[in-house]
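> Mind having a look at this structure? Questions to follow.
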Amino acid sequence: MTESTTAPAESTTAPAAFADEVVTHAFTRILTVPGIDGPVALVTIDNGFDHTKPSTFGPAGLDALDAALDEAYAADPVAVAVTGKPFVFAVGADLNGVPKIADREVALTMGRRGHAVFRRLRESSVPTFAFVNGAALGGGLELALHCHYRTVADNAAALGLPETFLGLVPGWGGTQLLPNIIGPSAAVTVVVENALNQNRMLKPADAQKIGIADAVLGGADFLEQSLVWAASVLAGDVVPARPEIDRGQAWDEAITRAKGIVAGKTRNHAPGPVKAVELLELARNTDLADAASLDRGFAAEDEALADLLMADELRAGLYAFDLVQKRAKRPAGAPDKSAARKVTGVGIVGAGLMASQLALLFVRQLKVPVILTDIDQERIDKGVGYVHAEIDKLQGKKRLSPDAANRLKALVSGSLDKAAFAKTDWVIEAVFENLDVKNKVFAELEEYVSPETILATNTSSLSITRMAADLKHPERVVGFHFFNPVAVLPLLEVIRGEKTDDATLATAFATAKSLKKSAVLVADKPGFVFNRLLTRALGEVMNAIDEGTPFDVADDAIGELGMPMSPLTLLSLVGPAVALHTGETMAEYYPERFHDSPGLQAMVAAKKSAVWTYGADGTKTVDPEVADLWPQGDSPSTSEQVLDRTRRAFAEEIDIMLTEGVVAAAQDIDLCLILGGGFGFWNGGITPYLDRTGTSEAVTGHRFLDKGVASL
């Protein structure tokens, strides 16, 4: 044997939670490689499926890798290498069994088992290599980090440690190894910053730049090139750089930055990212050459992983991940896609910022002619110019070739005459949020377009049925509500009017998919889903201020709900006038629950755009003019009271919406909040949080989700 003296852990018996594990097998081949004096043991990880079902590690998968390493070391090799199946190295732990773990000891065993198997590569007395031939995420990347050397294919789809995005920590060595390999600042970027920024991935070149990859090699003959590179390392001709790690000020600065990122993204309400920062700090004292030191660091990861695996926040995060990865791709209630019509030309009524963003999205994704119209040529020219300028920016960033950019720009035009829409299959309006204005637009359009042309509206709260009521063909009108910024937020609320037919609805869903958006079917009720709930919640906060609650107390009170920004910060982003208009619309339909805020009305009348002003050091204070004009009573609430009333409002409104049939299920409510407004994964959107805090039952008498769904 050429392995270290550290004995591998005994094999585990797969717990019941992993009874349905798709086992990732590991196969050992003993190779003779030119330039290498002795055999090389190559272990290939493969679950038997193609790249659309990546390899993961459950208990049986870890056992298989352990057995393959036994075979590898038994051959007395001069080196051991690990690689994956085509296009996939490995993507980490098998998360399908995690929600079924009901015993902390089982959770603890999972962490220990992964460490025991992976560290055989780190503590090997012969050199070990990871030939990362494809996607390497989570535990897959951690496996590579345990190896002494790493090559990465230049076509590897993604590399990263996404655990904190899901509410976990890199628990098989990542928090202890990575900062000691690439330095603490780069490790914070990978473990915390990238994960909490919509799970941003590393490209192979990025991985090489920060020191994860020792070499990036061509994908066509990656394995052959990797073996040649390994021969050079074994011969001493290539000595990969290993940076000196600063364990003093640089580490302090990295941890401070990490804490700031976590506080800014989660307000420290998500336990996974908080724990990850603690583990990264612990890694300052981890010595990769000292087995006892690794024991301490890995034991801390085991304990953290076990705690998190037994936390409802993780179950909620996995529930949210499942919604985004599965439910969003199979929208509940959507008609069969065979009924959809082809869209070969798009018209956009309006040429303002929202309309221009829509034009850019449609032309980039559909690559069909897009025509904008507005009330004067100056507005049209500005809208078309915006689209052309954005395409030029994409070309400048090398995301479009010059030819592709020119082709896209040639597809975008403007016209004062709506007769230009005669050859379109899809027209969407993005004009002022007023029912009379929108009715007039659609009535004019119907004179020019064919009876089959879809008439879509980007309204955020107005009735689709009323918008279509006086048309000759009301069946082809559909709500198609985007969220701002259009290029970033993936949610599309597709609203079915009273007479919207299946062909129109099917076309809307097919178009949403072509636009790479996630569509949720919504009934034609005021405010639909996202704006209705957000307006109700913001209303509670502003009403508390109206009653006399200090601005900062009210604004900071509801952070644990998982909204990406505080209510008053969001108010400035949306715009007080827009928020007031939406609130007034909701109050018109539901006056018993939605109430106009005198303070917000005063802000709009004074044309104030924000409550907060910010000093040079970033500290925020209430704009004195806003403080003077906002009428406040003498009945202030505590932060706990503001939080309680807001989450009770959420629970009440969601229950009413589900009774009204606004969406098919509570899962669609959560999907809208996650995709439309970035609500926290650790809360599963909102309904798991309301169930967890007891708010659902206190307000409605029942849970929104069954016990065990997004919870223990």
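> Looking only at the stretch 138-170, count every residue that is closer than 13 Å to K203 by Cβ and open to solvent by 10 Å² or more (accessible area, probe 1.4 Å) and tell me the total.
Going through the stretch 138-170 one residue at a time, the tally reaches 4.
> Across the stretch 61-96, what is the number of residues that are more than 28 Å from L217 (Cα to Cα) and modelled with pLDDT under 95?
Number of matching residues: 3.
> Within the stretch 591-608, count every residue that is outside any loop (DSSP other than H, G, I, E, B) and polar (S, T, N, Q).
Of the residues in that region, 1 qualify.
> Let me ask another. Quick one: in the stretch 575-598, which of the residues that are crowded, with 18+ Cβ neighbours inside 10 Å and of a type in the set (V, I, T) is farthest from L353 (Cα to Cα)?
T585
> Might you check whether a residue that is touching a helix residue (DSSP H, G or I) at 6+ places or on another chain (Cβ under 6 Å) and loosely packed, with under 14 Cβ neighbours inside 10 Å occurs anywhere in the stretch 51-61?
No, the conditions are met nowhere in the stretch 51-61.
> A follow-up question, please. Does A213 satisfy being farther than 28 Å from A311 by Cα, in contact with a helix residue (DSSP H, G or I) (Cβ under 7 Å, 6 or more places away or on another chain) and surrounded by 15 or more Cβ atoms within 10 Å (Cβ to Cβ)?
Details: farther than 28 Å from A311 by Cα: yes; in contact with a helix residue (DSSP H, G or I) (Cβ under 7 Å, 6 or more places away or on another chain): yes; surrounded by 15 or more Cβ atoms within 10 Å (Cβ to Cβ): yes.
Considered against the rule, which asks whether it is farther than 28 Å from A311 by Cα, in contact with a helix residue (DSSP H, G or I) (Cβ under 7 Å, 6 or more places away or on another chain) and surrounded by 15 or more Cβ atoms within 10 Å (Cβ to Cβ), A213 comes out as yes.
> Against the condition of a type outside the set (G, A, S), without any contact (Cβ under 8 Å) to a residue 24 or more places away in the chain and on the phi < 0 side of the Ramachandran plot, how does E163 come out, does it pass?
no
> Quick one: in the stretch 589-624, which of the residues that are more than 30 Å from D524 (Cα to Cα) and aliphatic (A, V, I, L, M) is modelled with the lowest pLDDT?
A616
> Could you give every pair whose Cβ atoms fall below 9 Å, whose first residue belongs to the stretch 423-438 and is in the same structural domain as T465 (by the TED database), and whose second residue is open to solvent by 30 Å² or more (accessible area, probe 1.4 Å) and among the small types (G, A, S), counting only separations of at least 6 or pairs across chains?
Correct list of pairs: K423/S450; T424/S450; D425/S450; A430/G352; V431/G352.
> Scanning for something in a helix (DSSP H, G or I) and either open to solvent by less than 30 Å² (accessible area, probe 1.4 Å) or in contact with a His (Cβ under 9 Å, 6 or more places away or on another chain) (or both), does the stretch 333-350 turn up at least one residue?
Looking through the stretch 333-350, none of the residues is in a helix (DSSP H, G or I) and either open to solvent by less than 30 Å² (accessible area, probe 1.4 Å) or in contact with a His (Cβ under 9 Å, 6 or more places away or on another chain) (or both).
> For the stretch 669-699, give me the residue count where each residue is more than 13 Å from R648 (Cβ to Cβ), under 16 Å from the mean Cα position of the chain (by Cα) and not aromatic (F, W, Y).
Looking only at that region, the number is 13.
> When you scan the stretch 118-145, how many residues do you find that are within 15 Å of L177 (Cβ to Cβ) and of a type in the set (S, T, Y)?
Number satisfying all stated conditions: 2.
> I've got another one for you. Out of everything in the stretch 371-396 that is among the hydrophobic types (A, V, I, L, M, F, W, C) and outside any helix (DSSP H, G or I), what residue ends up being nearest to V343 (Cα to Cα)?
I371
> Given the criteria under 18 Å from T457 (Cα atoms) and open to solvent by 10 Å² or more (accessible area, probe 1.4 Å), does L318 qualify? Lay out the reasoning, then the answer.
Numbers: under 18 Å from T457 (Cα atoms): no; open to solvent by 10 Å² or more (accessible area, probe 1.4 Å): yes.
The answer is no for L318.
> Hey, can you tell me all the residues within the stretch 377-393 that are of a type outside the set (V, I, T) and either outside the structural domain of L408 (by the TED database) or touching a residue at least 12 places away in the same chain (Cβ under 8 Å) (or both)?
Within the stretch 377-393, the first condition is being of a type outside the set (V, I, T), and the residues that meet it are 377-379, 381-383, 385-386, 388-390, 392-393.
Once the filter is applied, which keeps residues that are of a type outside the set (V, I, T) and either outside the structural domain of L408 (by the TED database) or touching a residue at least 12 places away in the same chain (Cβ under 8 Å) (or both), the stretch 377-393 yields Q377, R379, D381, K382, G383, Y386, H388, E390, D392.
> Follow-up question, since we're still on this one. Let me spell it out: the conditions are (1) out of contact with any Lys or Arg (no Cβ under 8 Å at 6 or more places or on another chain); (2) buried (at least 24 other Cβ atoms within 10 Å of the Cβ), and G548 meets all of them except one. Which number is the exception?
(2)
> Assess whether A220 counts as being out of contact with any Phe, Trp or Tyr (no Cβ under 9 Å at 6 or more places or on another chain) and without any contact (Cβ under 8 Å) to a residue 40 or more places away in the chain.
yes
> So which residues in the stretch 272-314 are open to solvent by less than 60 Å² (accessible area, probe 1.4 Å) and of a type in the set (K, R), if there are any at all?
Of everything in the stretch 272-314, just one residue is open to solvent by less than 60 Å² (accessible area, probe 1.4 Å) and of a type in the set (K, R), namely R284.
> Sort out which residues of the stretch 496-513 are among the β-branched types (V, I, T) and within 24 Å of the chain's Cα centre (by Cα), and write them in order of number.
Of everything in the stretch 496-513, just one residue is among the β-branched types (V, I, T) and within 24 Å of the chain's Cα centre (by Cα), namely T511.
> Which of (1) part of a helix (DSSP H, G or I); (2) touching a residue at least 24 places away in the same chain (Cβ under 8 Å); (3) surrounded by fewer than 20 Cβ atoms within 10 Å (Cβ to Cβ); (4) over 19 Å from the mean Cα position of the chain (by Cα) does E560 not meet, given it meets every other one?
The number of the failed condition is (4).
> Sticking with this structure for a sec: Kindly indicate the residue of the stretch 37-66 that is touching a strand residue (DSSP E or B) at 6+ places or on another chain (Cβ under 7 Å) and among the aliphatic types (A, V, I, L, M) and also nearest to A231 (Cα to Cα) among those meeting that condition.
Out of the qualifying residues, it is V40.
> Follow-up. Can you tell which of S450, S415, S401, S356 is at pLDDT below 95 and either under 33 Å from the mean Cα position of the chain (by Cα) or of a type outside the set (D, E, K, R) (or both)?
When all the criteria are applied, what remains is S450.
> Kindly evaluate A107 against the criterion of being open to solvent by less than 10 Å² (accessible area, probe 1.4 Å), of a type in the set (A, V, I, L, M), touching a residue at least 12 places away in the same chain (Cβ under 8 Å) and within 29 Å of L166 (Cβ to Cβ).
Working: open to solvent by less than 10 Å² (accessible area, probe 1.4 Å): yes; of a type in the set (A, V, I, L, M): yes; touching a residue at least 12 places away in the same chain (Cβ under 8 Å): yes; within 29 Å of L166 (Cβ to Cβ): yes.
Considered against the rule, which asks whether it is open to solvent by less than 10 Å² (accessible area, probe 1.4 Å), of a type in the set (A, V, I, L, M), touching a residue at least 12 places away in the same chain (Cβ under 8 Å) and within 29 Å of L166 (Cβ to Cβ), A107 comes out as yes.
> Same structure again: Yes or no: the stretch 609-624 includes at least one residue that is part of a helix (DSSP H, G or I) and surrounded by fewer than 24 Cβ atoms within 10 Å (Cβ to Cβ). Explain how you work it out, then say what you get.
Looking only at the stretch 609-624, we keep the residues that are part of a helix (DSSP H, G or I), and these are 624.
From what's left, surrounded by fewer than 24 Cβ atoms within 10 Å (Cβ to Cβ): 624.
Yes, the stretch 609-624 has at least one match.
The values are calculated or read from the model by the stated rules, or taken from the named source; none is laboratory data. Given the structure is predicted, the values throughout are model-derived calculations rather than measurements. With ideal geometry, Cβ positions are generated from the backbone for all residues, glycine too; neighbour counts draw on all protein chains shown. Calculation scope for accessible area: heavy atoms of the full protein, side chains included, ligands and nucleic acids excluded. Shrake-Rupley method; radii C 1.70, N 1.55, O 1.52, S 1.80 Å.
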